[in-house]
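Below is one structure, written out as structure tokens, with a few remarks after it.
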Amino acid sequence: MGEVSLETAAYAKMILHAAKYPHCAVNGILLADGSKFREGVKNQDLDIVDTIPLFHHSHYLSPMAEIALTQIEATAQRENCVIAGYYAACENFKDNVVEKCPGQKIAEKIVEHCPSAIFIVVDNKKMVQHLDTPAIKLHKYSDGKWKLKDAPVFSTPHVLETVSHLLQSGVQKDLVDFDNYLDDITQDWTNLGIEKLIASITASNTIDNDSEEKPYR
């Protein structure tokens with residue numbers, strides 16, 4: 001299998017989505033860097049650069065899902081990205097397996113167009129341990145089923161610390177998924193504001209790290 005890497009915003013939005021609705025099953029779409037993507041190739045490397053939160057209600061197989069996927073695909077093309085996976089968190093705290101996740105038909109449809117697609121399950125039990133370990137499980141589609149694989153790598157430093165800071169600051173309440181957008185179309189389902197906040201925190205971490213390595217003399 002090709003290597004899967006996650007950028008900070010991609011991981012953060014998954015976790016924030018699950019944290020905003022701990023009493024609900026949630027799901028969303030994974031976007032990969034299109035410049036490195038080879039269409040139709042199986043087991044290629046994927047750089048997951050963003051995630052788009054979909055639903056926390058039961059819209060997984062409704063016309064609303066089709067509307068959401070159409071808009072996401074159009075946005076992805078403009079940003080030179082491709083739909084390359086799916087994520088979900090189960091409603092029950094103890095259910096952390098693909099079979100219990102919502103919207104599996106969406107994930108399988110993505111695989112039809114992207115053989116290298118991945119399925120990420122948010123591990124509810126690890127949601128409070130961001131400074132220690134990623135709270136996700138990575139799966140690849142093989143022989144007609146999703147199979148657990150090695151954890152993805154983070155392509156940027158301080159990811160766990162950044163996400164923990166976001167949670168402690170209550171940023172999850174500001175996350176917008178498509179359910180929120182359908183209730184109020186003025187809301188931004190791309191969550192650009194959160195992306196800018198993450199970029200600012202990441203830049204600050206980088207500056208702090210450089211200062212520690214190269215003290216002023």
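What number of residues within region 64-79 are open to solvent by 50 Å² or more (accessible area, probe 1.4 Å) and within 19 Å of L6 (Cβ to Cβ)?
1
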**Candidate set from region 32-63 (those that are in a strand (DSSP E or B) and open to solvent by 10 Å² or more (accessible area, probe 1.4 Å)); member that is nearest to E195 (Cα to Cα)** = D50
**Request:** Please note which strands (runs of 3 or more DSSP E) are completely contained in region 95-208 and include at least 1 residues that are open to solvent by 40 Å² or more (accessible area, probe 1.4 Å) and touching a strand residue (DSSP E or B) at 6+ places or on another chain (Cβ under 7 Å).
**Result:** 136-142, 145-148
**Asked** Would region 4-23 turn up any residue that is in a strand (DSSP E or B), farther than 16 Å from V111 by Cα and either under 10 Å from the mean Cα position of the chain (by Cα) or not aliphatic (A, V, I, L, M) (or both)?
**Response** yes
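The rows are residues; the columns are (1) polar (S, T, N, Q); (2) on the phi > 0 side of the Ramachandran plot; (3) in contact with a Ser or Thr (Cβ under 9 Å, 6 or more places away or on another chain).
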position: N27; (1), (2), (3): yes, no, no
position: F37; (1), (2), (3): no, no, yes
position: T51; (1), (2), (3): yes, no, no
position: Y86; (1), (2), (3): no, no, no
**Request:** Answer yes or no: is there a residue in region 149-161 that is within 15 Å of the chain's Cα centre (by Cα), at pLDDT 95 or above and among the hydroxyl-bearing types (S, T, Y).
**Result:** no
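The values are calculated or read from the model by the stated rules, or taken from the named source; none is laboratory data. Quick caveat: nothing in here was measured; it's all calculated off a predicted structure. As a convention, Cβ positions derive from the backbone with ideal geometry for all residues, glycine included, and neighbour counts pool all protein chains shown. Surface accessibility is based on the protein's heavy atoms, side chains included, excluding ligands, DNA and RNA. Shrake-Rupley method; radii C 1.70, N 1.55, O 1.52, S 1.80 Å.
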